[in-house]
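Report on one structure; see the data block that follows.
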């Protein structure tokens, strides 16, 4: 069974058609990249997959469950987690508290009203483990608003990993990071369990090469190419999109 | 003394609250009856302000109906005791539940929207309570309200001083419960929702449920204040629950410091002490001064008095990272 | 049936007054994003001043102008001195203007005393006129006439003039206007002044259907005006008109059958609209 089945997803905003007909399947353990020119609708598509936006038509199935009516937090409970293009953290809380919050997210004890937030040893230990993996343990008491950009990105990813997701959606995880910081990020993602399926929105070719074995190209609302990294690199249509050369036949798929 | 830095830090942090509690506990020793009465009123409205702070300061919901929830409890208590001869032991919990139920209903209707629309819905619902109280003369006494409500009939011969202690104990219990609540996972979730609701959803929280539960609990505490109030004041009238009153509670929370729990009580203290002095000199000008308080609170006190006091206290005692700690309130 | 017709017509005249008050509030909210809770108090300011002038000069027109001018001036000062620093802080705007309801009411108490003020009814408008089976108050007919004239005029300004286009564009995309070199600042101030003046004028003529002016008018009117704006939709003349007439007629008809029910009509309408059609009857849906 496929982990993710996407069928004919379309999204219109009033008269503007952002996504026209997106369809593909992902198998367990696949590491896919979603690329395409700016404005192609990549973030919109991730928002639809994660539940923050409703598609105008089409369907999605995750581990056999129909996602259409499912709330965003319901999808997280099923094992679908995401990170945001612009770091989405809790600025007034410390790094440690941010991590704990993510851990409580799927636990029943998030409704607990009389024990202290920091009083659960199990969560504290796991938070320590995750922060160490993100190289943020030393900064654990720093308010997030005081973090550097690179640190925020690592925390951003770490938060989305904390729920041990079966599938991870990463929206331009290395945005604004230099080479060293990007390496650190790649290390974090490579340490994920092998069965974790990932769909990464990215622009950096080297980044994609390191992390992904499949590339999907989104161009003006549809997937126009889908294959391995080498196949896509060689694809005429894709090259003309990125390099601007005119192409006579634009093949779809 | 061999105190560690951490312990010293803790002591300094607890000192202001401890001083406050000691002052309040020993009030009859240093204050005359009219001050005791004023203090009773201040701590009762302090609970109401804290209940609003829970959803306003911590959760970030603009609720304009807390005075109405407060008056629901006050009215139900008065009606049960006066019309139906119910004992205080039954009337009080039922009234608190009534306020919580009203809060749940308001939340269920209003949480479909956020921000200013939530404010408008709660404003409308709060005014609705006011109108019901005005119109349902048979039970609520209409515009005259209900009066001659005595101290709770629980076998104690109450006097202003003993009622003050009764109230003080209840208020202290409420404050401790609220404090624990805000330090719990549930409490932190509320802060998380205010800081970044989208992320909370993205990590698995059902934020609607949290808001709903928080609002209901907040209503219950508003109800506690309402029950205490009606026995303190002896009278309950419709305008105690109107939008002007709700606005006033919001101002108290802002002046005192939203998101700090104690702030609400301090804001209330400032308003009522001010009103006490004004009533001694120019009672007719009180609305003018109250209006000026609204304006001043927003233009000059937006951070709140309590966080500022805490900052000064910590700077004065030389504790490190004073600013960061004051954020925890 | 006759009873219903009379109450509908009287509800319409009440609705026109609500329209005059709510239209300004709606535009200020739609254009500047400002919730001016003191808008109702401006109605009171205009009413007190205008009625006194009318009684002194015997002219309702002069009274109306005086009320409009004073209310406009107070509104202008309020915006310049306070609200302009609170741009985008809606909760703070509400609280500050709420404080001004108290301040203005108390100032009026100081200046005018606490007795309620009767409407000024010039002798020419006194009495009723007979139309068919019905006997209808002349003043109420005049108010409906004013509404019948002002609404299309304001609508025409909104939809067919350049200034109206600028105002509507400013509601959707102020940055774009700046890019186009149109300075929205004087437009905003002018709209605020016009809204306040309209409210003041409404106070002078509206005193009649409202049964007099009291110090509590500020609070009463603002709640009704907010309800009208929510029900009708923010930022359009037609929305304010639809909301005001709906509110006026429903209140009047409900009140005829069950006097106690009239007071609840605004709440129910407001809650119902917020649940089923949050953008209002004729409001523009947020994209």
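Taken together, the values in this text are just the output of simple stated rules run on the coordinates, not laboratory data. This structure is a prediction, so every number in the text was calculated from the model and none was measured. Ideal geometry is used to build each Cβ from the backbone, glycine not excepted, and the neighbour counts take in all protein chains shown.
Inter-chain neighbour count for A:75-85: the average number of beta-carbon atoms from partner chains within 10 Å of each residue's beta-carbon is 2. If you sort the three axes of the alpha carbon gyration tensor as a ≥ b ≥ c, you get a/c of 1.5 or more for the range C:184-287 and a/b no higher than b/c, which makes it oblate. Across the range B:31-322, the mean sequence separation of Cα contacts (distance under 8 Å, 6 or more residues apart), normalised by length, yields a relative contact order of 33 percent. Against chain A, whose longest principal axis is taken from its Cα atoms, helix A:121-133 shows a tilt of about 50°. Averaged over the residues of B:193-200, the number of partner chain Cβ atoms lying within 10 Å of the residue Cβ comes to 6.
For the range C:183-221, the residues whose amide N sits under 19 Å from a probe point set 7 Å from the Cα of residue C:121 along the beta carbon direction are C:202-214.
Would you mind computing Rg(Cα) / (2.2 N^0.38 Å) for the range B:42-84, counting N as its residues? Please report the intermediate quantities before stating the final value.
Values: Rg = 12.7 Å, N = 43, 2.2 N^0.38 = 9.2 Å.
Normalised Cα radius of gyration, the range B:42-84: 1.38.
Can you pull the semi-axes for the range C:124-197, root of five times each eigenvalue of the Cα gyration tensor, sorted largest first, whole Å?
Details: eigenvalues 319, 30, 11 Å².
In descending order the semi-axes read 40, 12, 7 Å.
What number in nm² do you get for the range C:30-131 if you take the convex hull of its Cα atoms and divide its surface by four? Could you put the intermediate results ahead of the total?
Values: hull surface 34.9 nm².
The orientation-averaged projected area of the Cα hull of the range C:30-131 comes to 8.7 nm².
Going from the fewest other Cβ atoms within 10 Å to the most, the residues B:314, A:109 appear in the order A:109, B:314. Working from Cα pairs under 8 Å separated by at least six residues, relative contact order for chain C is 36 percent.
Set the Förster radius R0 to 35 Å, insert the Cβ-Cβ distance between residue C:279 and residue C:73 as r into 1/(1 + (r/R0)^6), and round the FRET efficiency to 0.05.
On the way: r = 33 Å, r/R0 = 0.95.
Plugging the Cβ-Cβ distance into 1/(1 + (r/R0)^6) gives 0.60.
Expressed as a whole percent, how much of the Cα-Cα distance distribution for the protein assembly as shown exceeds 54 Å? Before the final figure, lay out the partial values.
Working: 84821 of 377146 pairs.
Beyond 54 Å sits 22 percent of the P(r) for the protein assembly as shown.
Here the residues C:61, C:101, ranked from fewest to most Cβ neighbours within 10 Å of their Cβ, fall in the order C:61, C:101.
Note on residue B:32 and residue A:69: their simple-model spin labels are 7.0 nm apart, each label 7 Å out from Cα toward Cβ. Enclosing the Cα atoms of the range B:31-322 in their convex hull gives a volume equal to 147 cubic angstrom per residue.
So for the range A:105-223, considering every pair of alpha-carbon atoms, how many percent are separated by more than 17 Å? Working shown, then result.
On the way: 4380 of 7021 pairs.
Pairs farther apart than 17 Å: 62 percent.
To the nearest ten degrees, helix C:184-210 and the longest principal axis of the Cα atoms of chain C are 10 degrees apart. Taken along the Cα-to-beta-carbon direction at a fixed 7 Å, the label points for residue C:112 and residue B:177 span 4.7 nm.
Legend: ranking of residues C:4, A:76, C:249 from fewest to most surrounding C-beta atoms inside 10 Å; resulting order C:4, C:249, A:76. Here the calculated FRET efficiency for residue B:300 and residue C:160, from their Cβ-Cβ distance with R0 = 45 Å, stands at 0.50, rounded to the nearest 0.05. Could you give log10 I(q)/I(0) at q = 0.14, 0.17 Å⁻¹ for chain C, computed by the Debye formula over C-alpha point scatterers of equal weight, without solvent? Normalising to I(0) and taking log10 leaves -1.00, -1.45. Between helix A:95-104 and chain A there is an angle of about 80 degrees, using the helix long axis and the longest principal axis of the Cα atoms.
Could you tell me whether the range B:186-329 comes out rounded, prolate or oblate from its Cα gyration tensor? Rule is a ≥ b ≥ c as square roots of the eigenvalues, rounded for a/c under 1.5, then prolate if a/b exceeds b/c, otherwise oblate.
Values: a/c = 2.20, a/b = 1.27, b/c = 1.73.
Note, shape of the range B:186-329 comes out oblate.
For chain C, what is the mean residue ellipticity at 222 nm derived from helices alone (per DSSP H run of n ≥ 4: -39500 (n - 2.57); sum divided by total residues; nearest 500 deg cm²/dmol)?
Values: 11 runs with 211 residues, N = 287.
Computed mean residue ellipticity for chain C: -25000 deg cm²/dmol.
P(r) tail, the range A:187-228: Cα-Cα pairs separated by more than 13 Å, 60% of all pairs.
For peptide B:290-301, the mean count of partner chain Cβ atoms within 10 Å of a residue's Cβ comes to 6. Relative contact order, whole percent, for the range C:27-135 stands at 31, derived from Cα pairs under 8 Å and 6 or more residues apart.
Label-to-label distance, residue B:317 versus residue B:209, with points set 7 angstrom from Cα along the beta-carbon direction: 4.0 nm. When the Debye formula is applied to the Cα atoms of chain A, each taken as the same point scatterer, what base-10 log of I(q)/I(0) results at q = 0.12 Å⁻¹? Treating every Cα as an identical point scatterer, log10 I(q)/I(0) equals -0.73.
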